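Below: one structure in C-alpha coordinates.
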Amino acid sequence: MELDSRQTIIVAILVLFLGKYLNKKINILRKYNIPEPVTGGLVASLFFGLLYLLFNVDINFSTHYRDILLIVFFTAIGLSTEVRSIIKGGKVLLILTVFAIAYIFLQNYISISIAKLFNLNPATGIVAGSAALQGGHGNIVSWVPVVNEQFNVSNTMEIGMIMATFGLIIGGILGGPVAKYLIKKYKLKPDSETDDSKLLIGAKHGKNLTIDYNSILKVIIMLFLSVGVGIYMHDFLDYVNFTLPMFATCMLGGLILANLVPLIIPKLDCPAKSPTLAITSELSLGLFLAMAMMSLKFWEIGAESLFIVVSILLQTIAILLFTVFVIFRVLGKNYASAVISAGYIGSSMGATPTAMANMAAVTKEHGPSAIAFAVIPIMGAFIIQVSNAFVINIILMLIS
(Lines give C-alpha, C1' and ligand atoms only; values in the text may rest on other atoms or scores of the structure.)
Protein backbone atom coordinates (compact mmCIF):
# COMPACT_ATOMS: atom_id res chain seq x y z
CA MET A 1 0.00 0.00 0.00
CA GLU A 2 1.50 3.31 -1.11
CA LEU A 3 0.54 6.46 0.79
CA ASP A 4 1.10 9.80 -0.92
CA SER A 5 2.51 12.93 0.72
CA ARG A 6 -0.86 14.20 1.93
CA GLN A 7 -1.81 10.87 3.51
CA THR A 8 1.65 10.51 5.07
CA ILE A 9 1.34 13.92 6.75
CA ILE A 10 -2.07 12.96 8.18
CA VAL A 11 -0.71 9.70 9.61
CA ALA A 12 2.35 11.50 11.03
CA ILE A 13 0.17 14.04 12.87
CA LEU A 14 -1.94 11.22 14.33
CA VAL A 15 1.24 9.39 15.36
CA LEU A 16 2.56 12.54 17.04
CA PHE A 17 -0.70 12.96 18.95
CA LEU A 18 -0.45 9.27 19.94
CA GLY A 19 3.03 9.86 21.34
CA LYS A 20 1.85 12.88 23.33
CA TYR A 21 -1.09 10.89 24.71
CA LEU A 22 1.06 7.89 25.70
CA ASN A 23 3.69 10.09 27.34
CA LYS A 24 0.95 11.85 29.29
CA LYS A 25 -0.64 8.61 30.48
CA ILE A 26 2.43 6.42 31.04
CA ASN A 27 4.59 7.77 33.84
CA ILE A 28 7.75 5.81 32.94
CA LEU A 29 7.92 7.52 29.55
CA ARG A 30 7.87 10.95 31.20
CA LYS A 31 10.18 9.80 33.97
CA TYR A 32 12.92 8.83 31.54
CA ASN A 33 12.35 11.75 29.14
CA ILE A 34 11.44 9.66 26.07
CA PRO A 35 10.64 12.08 23.19
CA GLU A 36 6.98 12.05 22.17
CA PRO A 37 7.67 11.42 18.44
CA VAL A 38 9.82 8.41 19.36
CA THR A 39 7.05 6.96 21.54
CA GLY A 40 4.29 7.38 18.96
CA GLY A 41 6.49 6.45 16.01
CA LEU A 42 7.79 3.25 17.60
CA VAL A 43 4.26 2.08 18.49
CA ALA A 44 3.09 2.89 14.95
CA SER A 45 6.03 1.04 13.43
CA LEU A 46 5.25 -2.07 15.48
CA PHE A 47 1.58 -1.82 14.44
CA PHE A 48 2.46 -1.59 10.74
CA GLY A 49 4.84 -4.52 11.24
CA LEU A 50 1.99 -6.63 12.62
CA LEU A 51 -0.13 -5.72 9.60
CA TYR A 52 2.65 -7.02 7.38
CA LEU A 53 3.26 -10.23 9.35
CA LEU A 54 -0.41 -11.11 9.83
CA PHE A 55 -2.04 -9.84 6.63
CA ASN A 56 0.94 -9.29 4.29
CA VAL A 57 0.08 -5.59 4.04
CA ASP A 58 3.23 -3.56 3.40
CA ILE A 59 2.60 0.17 3.91
CA ASN A 60 5.07 2.55 2.26
CA PHE A 61 5.09 6.23 3.18
CA SER A 62 6.11 9.18 1.04
CA THR A 63 9.44 10.73 2.05
CA HIS A 64 8.85 14.05 0.24
CA TYR A 65 7.66 16.14 3.19
CA ARG A 66 9.85 14.23 5.63
CA ASP A 67 12.97 15.44 3.84
CA ILE A 68 11.58 18.98 3.58
CA LEU A 69 10.78 19.05 7.30
CA LEU A 70 14.33 17.95 8.09
CA ILE A 71 15.70 20.89 6.11
CA VAL A 72 13.21 23.31 7.71
CA PHE A 73 14.19 22.14 11.18
CA PHE A 74 17.92 22.57 10.67
CA THR A 75 17.46 25.89 8.89
CA ALA A 76 15.41 27.10 11.86
CA ILE A 77 18.19 25.96 14.20
CA GLY A 78 20.67 27.97 12.13
CA LEU A 79 18.44 31.04 12.29
CA SER A 80 18.13 30.58 16.07
CA THR A 81 21.88 30.46 16.64
CA GLU A 82 23.76 33.66 17.35
CA VAL A 83 27.53 33.89 17.03
CA ARG A 84 27.76 35.13 20.61
CA SER A 85 26.07 31.91 21.75
CA ILE A 86 28.70 29.90 19.87
CA ILE A 87 31.46 32.03 21.40
CA LYS A 88 29.92 31.56 24.83
CA GLY A 89 30.01 27.80 24.37
CA GLY A 90 33.29 27.92 22.44
CA LYS A 91 35.37 25.98 24.96
CA VAL A 92 32.65 23.37 25.39
CA LEU A 93 32.20 23.10 21.61
CA LEU A 94 35.94 22.69 21.06
CA ILE A 95 36.35 19.99 23.70
CA LEU A 96 33.23 18.13 22.56
CA THR A 97 34.34 18.29 18.92
CA VAL A 98 37.78 16.81 19.64
CA PHE A 99 36.38 13.86 21.58
CA ALA A 100 33.46 13.37 19.17
CA ILE A 101 35.82 13.12 16.19
CA ALA A 102 37.97 10.63 18.11
CA TYR A 103 34.85 8.57 18.76
CA ILE A 104 34.05 8.44 15.03
CA PHE A 105 37.32 6.50 14.57
CA LEU A 106 36.44 4.26 17.53
CA GLN A 107 32.92 3.65 16.21
CA ASN A 108 34.29 2.51 12.86
CA TYR A 109 37.00 0.38 14.51
CA ILE A 110 34.29 -1.47 16.45
CA SER A 111 32.12 -2.05 13.38
CA ILE A 112 35.02 -3.17 11.16
CA SER A 113 36.25 -5.56 13.89
CA ILE A 114 32.79 -7.12 14.15
CA ALA A 115 32.61 -7.45 10.36
CA LYS A 116 35.92 -9.34 10.35
CA LEU A 117 34.64 -11.53 13.19
CA PHE A 118 31.70 -12.56 10.98
CA ASN A 119 34.00 -13.05 7.95
CA LEU A 120 32.47 -10.08 6.15
CA ASN A 121 34.28 -7.54 4.02
CA PRO A 122 35.71 -4.76 6.23
CA ALA A 123 33.86 -2.29 4.01
CA THR A 124 30.64 -3.70 5.45
CA GLY A 125 31.80 -2.34 8.78
CA ILE A 126 31.96 1.15 7.29
CA VAL A 127 28.25 1.22 6.42
CA ALA A 128 27.44 -0.32 9.81
CA GLY A 129 29.59 2.22 11.64
CA SER A 130 29.66 6.01 11.61
CA ALA A 131 28.16 6.24 8.13
CA ALA A 132 24.89 4.87 9.54
CA LEU A 133 25.06 5.89 13.20
CA GLN A 134 26.56 9.36 12.94
CA GLY A 135 25.22 10.14 9.48
CA GLY A 136 21.80 8.50 9.46
CA HIS A 137 19.68 7.23 6.60
CA GLY A 138 20.54 10.06 4.21
CA ASN A 139 24.26 9.48 4.70
CA ILE A 140 23.87 5.77 3.91
CA VAL A 141 22.23 6.61 0.60
CA SER A 142 25.27 8.78 -0.20
CA TRP A 143 27.99 6.32 0.85
CA VAL A 144 26.66 2.92 -0.27
CA PRO A 145 27.33 3.52 -4.01
CA VAL A 146 30.91 4.58 -3.16
CA VAL A 147 31.53 1.50 -1.01
CA ASN A 148 29.92 -0.88 -3.52
CA GLU A 149 31.96 0.53 -6.39
CA GLN A 150 35.28 0.17 -4.54
CA PHE A 151 34.73 -3.18 -2.80
CA ASN A 152 31.95 -4.97 -4.73
CA VAL A 153 30.05 -5.94 -1.57
CA SER A 154 26.36 -6.82 -1.30
CA ASN A 155 23.52 -5.95 1.07
CA THR A 156 25.28 -2.79 2.19
CA MET A 157 22.20 -0.65 1.67
CA GLU A 158 20.02 -2.95 3.77
CA ILE A 159 22.64 -3.27 6.52
CA GLY A 160 23.26 0.47 6.63
CA MET A 161 19.58 1.41 6.70
CA ILE A 162 18.78 -1.11 9.45
CA MET A 163 21.76 0.05 11.55
CA ALA A 164 20.64 3.66 11.10
CA THR A 165 17.12 2.63 12.07
CA PHE A 166 18.11 0.87 15.29
CA GLY A 167 20.56 3.63 16.09
CA LEU A 168 17.76 6.17 15.78
CA ILE A 169 15.58 4.17 18.19
CA ILE A 170 18.35 3.57 20.74
CA GLY A 171 19.57 7.15 20.55
CA GLY A 172 16.04 8.39 21.21
CA ILE A 173 15.36 5.98 24.06
CA LEU A 174 18.64 6.13 26.02
CA GLY A 175 19.54 9.83 25.87
CA GLY A 176 16.93 10.99 28.38
CA PRO A 177 17.50 8.24 30.98
CA VAL A 178 21.27 8.77 30.91
CA ALA A 179 20.87 12.50 31.49
CA LYS A 180 18.37 11.85 34.28
CA TYR A 181 20.78 9.42 35.92
CA LEU A 182 23.63 11.95 35.81
CA ILE A 183 21.44 14.81 37.06
CA LYS A 184 20.13 12.73 39.95
CA LYS A 185 23.47 11.17 40.90
CA TYR A 186 25.37 14.46 40.99
CA LYS A 187 22.39 16.60 42.15
CA LEU A 188 22.78 18.99 39.22
CA LYS A 189 20.80 22.19 38.73
CA PRO A 190 20.54 24.48 35.68
CA ASP A 191 22.20 27.89 35.68
CA SER A 192 19.68 30.65 36.30
CA GLU A 193 21.03 32.67 33.39
CA THR A 194 20.30 30.02 30.76
CA ASP A 195 16.56 30.46 30.57
CA ASP A 196 16.46 31.37 26.87
CA SER A 197 17.17 27.87 25.53
CA LYS A 198 13.48 27.07 25.47
CA LEU A 199 13.18 29.47 22.54
CA LEU A 200 15.40 27.19 20.48
CA ILE A 201 13.18 24.18 20.98
CA GLY A 202 10.80 22.79 23.53
CA ALA A 203 8.64 25.87 24.01
CA LYS A 204 5.36 25.26 25.80
CA HIS A 205 2.60 24.71 23.29
CA GLY A 206 0.36 27.73 22.97
CA LYS A 207 1.35 29.36 26.27
CA ASN A 208 2.60 32.94 26.51
CA LEU A 209 3.61 33.07 22.85
CA THR A 210 3.42 36.23 20.76
CA ILE A 211 2.83 35.03 17.22
CA ASP A 212 1.29 37.34 14.66
CA TYR A 213 0.95 37.80 10.90
CA ASN A 214 4.19 39.77 10.50
CA SER A 215 6.29 37.37 12.60
CA ILE A 216 5.15 34.43 10.46
CA LEU A 217 6.02 36.27 7.24
CA LYS A 218 9.49 37.12 8.60
CA VAL A 219 10.14 33.51 9.52
CA ILE A 220 8.98 32.26 6.11
CA ILE A 221 11.14 34.68 4.11
CA MET A 222 14.21 34.04 6.29
CA LEU A 223 13.72 30.28 5.96
CA PHE A 224 13.45 30.47 2.17
CA LEU A 225 16.46 32.80 1.87
CA SER A 226 18.52 30.56 4.14
CA VAL A 227 17.59 27.43 2.20
CA GLY A 228 18.62 29.24 -0.99
CA VAL A 229 22.05 29.98 0.48
CA GLY A 230 22.28 26.36 1.63
CA ILE A 231 21.44 25.02 -1.84
CA TYR A 232 24.17 27.13 -3.47
CA MET A 233 26.68 25.96 -0.86
CA HIS A 234 25.64 22.32 -1.38
CA ASP A 235 26.02 22.62 -5.15
CA PHE A 236 29.47 24.15 -4.74
CA LEU A 237 30.60 21.32 -2.45
CA ASP A 238 29.26 18.79 -4.95
CA TYR A 239 31.29 20.56 -7.64
CA VAL A 240 34.49 20.06 -5.62
CA ASN A 241 33.50 16.42 -4.91
CA PHE A 242 32.85 16.82 -1.19
CA THR A 243 29.79 15.08 0.29
CA LEU A 244 27.81 17.08 2.86
CA PRO A 245 24.06 16.64 3.50
CA MET A 246 21.75 19.40 2.29
CA PHE A 247 20.35 20.00 5.77
CA ALA A 248 23.85 20.85 7.07
CA THR A 249 24.48 23.50 4.41
CA CYS A 250 20.98 24.95 4.94
CA MET A 251 21.61 25.20 8.67
CA LEU A 252 24.85 27.04 7.93
CA GLY A 253 22.91 29.30 5.55
CA GLY A 254 20.51 30.13 8.36
CA LEU A 255 23.42 30.80 10.73
CA ILE A 256 25.03 33.17 8.22
CA LEU A 257 21.85 35.15 7.53
CA ALA A 258 20.80 35.33 11.19
CA ASN A 259 24.09 37.00 12.08
CA LEU A 260 24.80 38.93 8.86
CA VAL A 261 21.44 40.59 8.20
CA PRO A 262 21.31 42.50 11.54
CA LEU A 263 24.76 43.94 10.73
CA ILE A 264 23.68 45.10 7.28
CA ILE A 265 20.16 46.25 8.26
CA PRO A 266 20.26 47.01 12.01
CA LYS A 267 16.63 48.13 12.13
CA LEU A 268 15.36 44.83 10.70
CA ASP A 269 13.95 42.64 13.46
CA CYS A 270 15.25 39.14 12.61
CA PRO A 271 13.26 36.17 13.92
CA ALA A 272 16.18 34.63 15.85
CA LYS A 273 14.92 33.21 19.16
CA SER A 274 11.38 34.40 18.39
CA PRO A 275 8.40 32.29 19.55
CA THR A 276 7.31 31.92 15.91
CA LEU A 277 10.63 30.40 14.93
CA ALA A 278 10.62 28.21 18.06
CA ILE A 279 7.22 26.75 17.14
CA THR A 280 8.35 26.24 13.53
CA SER A 281 11.43 24.39 14.76
CA GLU A 282 9.55 22.20 17.23
CA LEU A 283 6.74 21.37 14.79
CA SER A 284 9.10 20.39 11.97
CA LEU A 285 11.20 18.28 14.35
CA GLY A 286 8.18 16.47 15.80
CA LEU A 287 6.68 15.63 12.42
CA PHE A 288 10.04 14.59 10.95
CA LEU A 289 10.78 12.19 13.80
CA ALA A 290 7.24 10.81 13.72
CA MET A 291 7.60 10.10 9.98
CA ALA A 292 11.07 8.58 10.40
CA MET A 293 10.01 6.31 13.25
CA MET A 294 6.70 5.14 11.80
CA SER A 295 8.45 4.19 8.51
CA LEU A 296 10.82 1.73 10.19
CA LYS A 297 10.56 -1.86 8.90
CA PHE A 298 12.04 -4.31 11.38
CA TRP A 299 11.14 -7.33 9.28
CA GLU A 300 13.66 -6.44 6.55
CA ILE A 301 16.64 -7.81 8.48
CA GLY A 302 18.16 -10.49 6.25
CA ALA A 303 20.98 -13.02 6.47
CA GLU A 304 23.24 -10.56 8.33
CA SER A 305 20.77 -10.28 11.21
CA LEU A 306 23.21 -11.69 13.79
CA PHE A 307 25.93 -9.31 12.62
CA ILE A 308 23.50 -6.39 12.96
CA VAL A 309 22.33 -7.45 16.42
CA VAL A 310 25.88 -7.88 17.74
CA SER A 311 26.95 -4.59 16.14
CA ILE A 312 24.13 -2.53 17.59
CA LEU A 313 24.56 -4.16 21.02
CA LEU A 314 28.29 -3.41 21.22
CA GLN A 315 27.87 0.08 19.78
CA THR A 316 25.22 0.81 22.40
CA ILE A 317 27.49 -0.34 25.24
CA ALA A 318 30.36 1.69 23.79
CA ILE A 319 28.42 4.95 23.48
CA LEU A 320 27.00 4.64 26.99
CA LEU A 321 30.45 4.10 28.52
CA PHE A 322 32.03 6.83 26.40
CA THR A 323 29.31 9.36 27.22
CA VAL A 324 29.13 8.73 30.97
CA PHE A 325 32.85 8.27 31.67
CA VAL A 326 34.37 10.59 29.05
CA ILE A 327 32.03 13.20 27.55
CA PHE A 328 30.21 14.08 30.77
CA ARG A 329 33.45 14.31 32.73
CA VAL A 330 35.58 16.30 30.27
CA LEU A 331 32.77 18.84 29.90
CA GLY A 332 32.78 19.59 33.61
CA LYS A 333 30.29 17.20 35.27
CA ASN A 334 27.71 20.02 35.47
CA TYR A 335 24.08 20.38 34.41
CA ALA A 336 24.92 21.55 30.89
CA SER A 337 27.21 18.55 30.36
CA ALA A 338 24.41 16.21 31.46
CA VAL A 339 22.02 17.77 28.91
CA ILE A 340 24.75 17.64 26.26
CA SER A 341 25.25 13.95 27.12
CA ALA A 342 21.61 13.28 26.24
CA GLY A 343 22.08 15.13 22.96
CA TYR A 344 25.38 13.43 22.20
CA ILE A 345 23.88 9.95 22.56
CA GLY A 346 21.02 10.94 20.24
CA SER A 347 23.42 12.42 17.70
CA SER A 348 26.11 9.71 17.72
CA MET A 349 23.60 6.84 17.55
CA GLY A 350 20.81 8.38 15.51
CA ALA A 351 20.67 11.91 14.18
CA THR A 352 20.79 15.52 15.34
CA PRO A 353 16.96 15.81 15.42
CA THR A 354 16.97 12.92 17.90
CA ALA A 355 19.60 14.75 19.92
CA MET A 356 17.49 17.91 19.99
CA ALA A 357 14.39 15.94 21.00
CA ASN A 358 16.35 14.27 23.82
CA MET A 359 17.56 17.60 25.17
CA ALA A 360 14.09 19.13 24.81
CA ALA A 361 12.61 16.31 26.89
CA VAL A 362 15.31 16.67 29.56
CA THR A 363 15.16 20.47 29.83
CA LYS A 364 11.38 20.43 29.84
CA GLU A 365 11.49 18.54 33.14
CA HIS A 366 14.73 19.68 34.77
CA GLY A 367 15.31 23.19 33.44
CA PRO A 368 16.95 24.91 30.44
CA SER A 369 20.52 24.89 29.15
CA ALA A 370 21.35 27.50 26.51
CA ILE A 371 24.90 26.19 26.03
CA ALA A 372 23.65 22.69 25.19
CA PHE A 373 21.24 24.03 22.58
CA ALA A 374 23.94 26.23 21.08
CA VAL A 375 26.61 23.51 20.94
CA ILE A 376 24.83 20.29 19.86
CA PRO A 377 23.21 21.59 16.60
CA ILE A 378 26.51 23.04 15.36
CA MET A 379 28.49 19.99 16.43
CA GLY A 380 26.02 17.34 15.29
CA ALA A 381 24.68 18.82 12.08
CA PHE A 382 27.79 20.46 10.68
CA ILE A 383 31.11 19.66 12.37
CA ILE A 384 30.43 15.94 12.78
CA GLN A 385 28.99 15.58 9.28
CA VAL A 386 32.11 17.15 7.77
CA SER A 387 34.44 15.20 10.07
CA ASN A 388 32.55 11.96 9.41
CA ALA A 389 33.06 12.38 5.67
CA PHE A 390 36.81 12.91 6.16
CA VAL A 391 37.15 9.93 8.53
CA ILE A 392 35.22 7.57 6.24
CA ASN A 393 37.37 8.60 3.26
CA ILE A 394 40.55 7.99 5.31
CA ILE A 395 39.39 4.54 6.46
CA LEU A 396 38.28 3.56 2.95
CA MET A 397 41.79 4.40 1.69
CA LEU A 398 43.39 2.41 4.51
CA ILE A 399 41.36 -0.78 3.93
CA SER A 400 41.34 -0.62 0.11
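The values are calculated or read from the model by the stated rules, or taken from the named source; none is laboratory data. Just so it is clear, the structure is predicted and the values come from calculations on it, not from any experiment. Note: ideal-geometry Cβ built from the backbone for every residue, glycine included; neighbour counts use all protein chains shown. Heavy atoms of the whole protein, side chains included, go into the accessibility calculation; ligands, DNA and RNA do not. Shrake-Rupley method; radii C 1.70, N 1.55, O 1.52, S 1.80 Å.
I'd like the FRET efficiency for residue 56 and residue 267, computed as 1/(1 + (r/R0)^6) with the beta carbon distance as r and R0 of 60 Å, rounded to 0.05. Walk me through the intermediate numbers first.
On the way: r = 62 Å, r/R0 = 1.04.
FRET efficiency, residue 56 to residue 267: 0.45.
Which entries of 24/297; 180/333; 91/184; 31/184 show an alpha-carbon separation above 22 angstrom in the structure shown?
Values: 24/297 26 Å; 180/333 13 Å; 91/184 25 Å; 31/184 12 Å.
Pairs exceeding 22 Å: 24/297; 91/184.
Quick check on the chain: helices-only [θ] at 222 nm, where DSSP H runs of length 4 and up contribute -39,500 (n - 2.57) each and the sum goes over total residues. Nearest 500, please. Kindly include the intermediate steps, with their values, before the conclusion.
On the way: 18 runs with 293 residues, N = 400.
Mean residue ellipticity, 222 nm, calculated: -24500 deg cm²/dmol.
For segment 263-395, what is Rg from Cα atoms divided by 2.2 N^0.38 Å, rounded to two decimals? Display every interim value, and only then the final one.
Details: Rg = 17.7 Å, N = 133, 2.2 N^0.38 = 14.1 Å.
Output field value: 1.26.
Mind giving me the nanometre distance, one decimal, between the label points for residue 25 and residue 239, set 7 Å out from Cα along Cα→Cβ?
Distance between label points: 5.5 nm.
Give the shape of segment 85-174 as rounded, prolate or oblate, defined through the alpha-carbon gyration tensor: a ≥ b ≥ c are the square roots of its eigenvalues, a/c under 1.5 means rounded, and otherwise the shape is prolate if a/b is larger than b/c and oblate if not.
Working: a/c = 2.12, a/b = 1.94, b/c = 1.09.
Note, shape of segment 85-174 comes out prolate.
Among 146, 375, what's the order by accessible area (1.4 angstrom probe), most exposed first?
Numbers: 146 50, 375 5 Å².
Largest to smallest exposure gives the sequence 146, 375.
Leaving ligands, DNA and RNA out of it, work out the accessible area of residue 218 with a 1.4 Å probe and give it in Å² to the nearest 10.
Result for residue 218: roughly 70 Å² accessible.
Now for a separate question. Once you sort the root eigenvalues of the Cα gyration tensor of segment 1-137 as a ≥ b ≥ c, which label holds: rounded (a/c under 1.5), prolate (a/b larger than b/c) or oblate (the other case)?
Working: a/c = 1.84, a/b = 1.20, b/c = 1.53.
Verdict is oblate for segment 1-137.
Which percent of Cα-Cα pairs in segment 222-266 sits in each 5 Å bin, short to long?
The calculated distribution, bin by bin, is 6, 26, 27, 19, 12, 7, 3, 1.
Using 0.36 nm per residue, how much length does the chain from residue 321 to residue 109 gain when fully extended, once their Cα-Cα distance is taken away? List each step's numbers first, then the result.
Values: separation 212, 0.36 × 212 = 76.32 nm, distance 1.59 nm.
My answer for the length gained is 74.7 nm.
Using a 1.4 angstrom probe and counting only protein chains, how large is the accessible area of residue 238 in Å², to 10?
It works out to around 80 Å².
Classify segment 51-126 as rounded, prolate or oblate from the Cα gyration tensor: take a ≥ b ≥ c as the square roots of its eigenvalues, call it rounded if a/c is under 1.5, otherwise prolate when a/b beats b/c and oblate if not. Show your work: numbers first, answer last.
Working: a/c = 3.94, a/b = 1.20, b/c = 3.28.
Here segment 51-126 falls in the oblate category.
How high is the relative contact order of the chain, in percent, with contacts defined as C-alpha pairs under 8 Å that are six or more residues apart?
Numbers: 645 pairs, mean separation 124.1, N = 400.
Answer for the chain is 31 percent.
How many percent of Cα pairs in the chain exceed 39 Å?
On the way: 10123 of 79800 pairs.
Cα-Cα pairs of the chain separated by over 39 Å account for 13 percent.
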